[in-house]
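The values are calculated or read from the model by the stated rules, or taken from the named source; none is laboratory data. Quick caveat, the model's predicted, so the values are computed rather than measured. Please note: Cβ atoms are built from the backbone with ideal geometry, for glycine as well, and neighbour counts cover all protein chains shown. Only protein heavy atoms, including side chains, enter the accessible area calculation; ligands, DNA and RNA are left aside. Shrake-Rupley method; radii C 1.70, N 1.55, O 1.52, S 1.80 Å.
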Amino acid sequence: MLRGRNIMNADLKKVSRMLEKDPGVHHAVVVKQLPSQISVTVERRHAVACIQFVSQGNCGMVSEDGVVLDVVPAKNVTSLIIESFESSKREPQLGMKVDVRGFTQAIRFLRAYENMELSHLEVLTRIGIDHLGNVSIILGNGPQIRLGRRPMDSLKSLEKTIPLLKSE
């Protein structure tokens with residue numbers, strides 16, 4: 001796009017916006033380095049989980065800010081799955097922004113859970129989000145634990161299960 005052109009005439013904001021159209025690019029900074037170079041710095045998105053809208057449907061590898069980075073068959077998923085079966089969505093699409101009520105709270109909970117002692121005892125395998133934004137989780141192969149619309153408020157209660165999980 002810019003090769004062989006005078007960099008003084010380059011629209012750097014346009015180049016930055018073009019790069020940010022890629023779902024894997026969170027932010028791009030393009031600057032001129034006189035006399036004849038352009039420097040590009042890219043902040044990439046990384047998948048934190050998979051989101052699934054239909055049981056047995058494809059999963060979208062989703063970033064923390066809710067952008068679908070890739071679409072994969074559910075049978076190939078080995079990471080955490082966020083289920084939003086009551087959503088109006090049917091299939092994740094590359095680059096789509098997840099607009100499911102409760103998604104942000106679920107991701108915040110996921111980040112907090114990773115820093116808990118409990119995360120070393122039990123793997124968080126699934127997060128469910130219903131149409132009202134209520135969040136529930138499944139630890140390992142265990143039962144569903146309902147956390148409600150504010151799952152961060154349930155962290156202290158969840159920590160109380162640690163002695164039960166450590167016991168035989």
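Name the single residue, out of those in segment 25-41 being modelled with pLDDT under 90 and open to solvent by 70 Å² or more (accessible area, probe 1.4 Å), that is farthest from Val62 (Cα to Cα).
Pro35
How about segment 1-24: which of its residues are within 30 Å of Val62 (Cα to Cα), assigned to a helix (DSSP H, G or I) and either at pLDDT below 80 or of a type in the set (Asp, Glu) (or both)?
Step one: filter segment 1-24 for residues within 30 Å of Val62 (Cα to Cα), giving 1, 12-24.
Of the ones still in play, those that are also assigned to a helix (DSSP H, G or I) are 12-20.
Hit for segment 1-24 is Glu20, nothing else.
Is it the case, given these coordinates, that Gln52 is free of Cβ contacts under 8 Å to residues at least 60 places away in the same chain and surrounded by fewer than 11 Cβ atoms within 10 Å (Cβ to Cβ)? Give the steps one after another, and end with the answer.
Values: free of Cβ contacts under 8 Å to residues at least 60 places away in the same chain: yes; surrounded by fewer than 11 Cβ atoms within 10 Å (Cβ to Cβ): no.
The answer is no for Gln52.
Residue by residue through segment 1-24, note down the ones that are without any contact (Cβ under 8 Å) to a residue 60 or more places away in the chain, open to solvent by less than 100 Å² (accessible area, probe 1.4 Å) and touching a Leu at 6+ places or on another chain (Cβ under 9 Å).
Of everything in segment 1-24, those that are without any contact (Cβ under 8 Å) to a residue 60 or more places away in the chain, open to solvent by less than 100 Å² (accessible area, probe 1.4 Å) and touching a Leu at 6+ places or on another chain (Cβ under 9 Å) turn out to be Ile7, Ala10, Val15, Gly24.
If Asp65 passes every condition in (1) charged (D, E, K, R); (2) part of a strand (DSSP E or B); (3) open to solvent by less than 80 Å² (accessible area, probe 1.4 Å) but one, which one does it miss?
Answer for Asp65: the failing condition is (2).
Where the second residue is open to solvent by less than 100 Å² (accessible area, probe 1.4 Å) and hydrophobic (A, V, I, L, M, F, W, C) and the first is at positive phi and in a loop (DSSP other than H, G, I, E, B) and lies in segment 82-107, which pairs have Cβ atoms under 8 Å and are six or more apart or on separate chains?
These pairs meet every condition: Gly95/Val67; Gly95/Val68; Gly102/Ile129; Gly102/Leu132; Gly102/Val135.
Can you say whether Asp70 is charged (D, E, K, R) and part of a strand (DSSP E or B), as far as the supplied structure shows?
Here the answer is yes, as Asp70 does meet what is asked.
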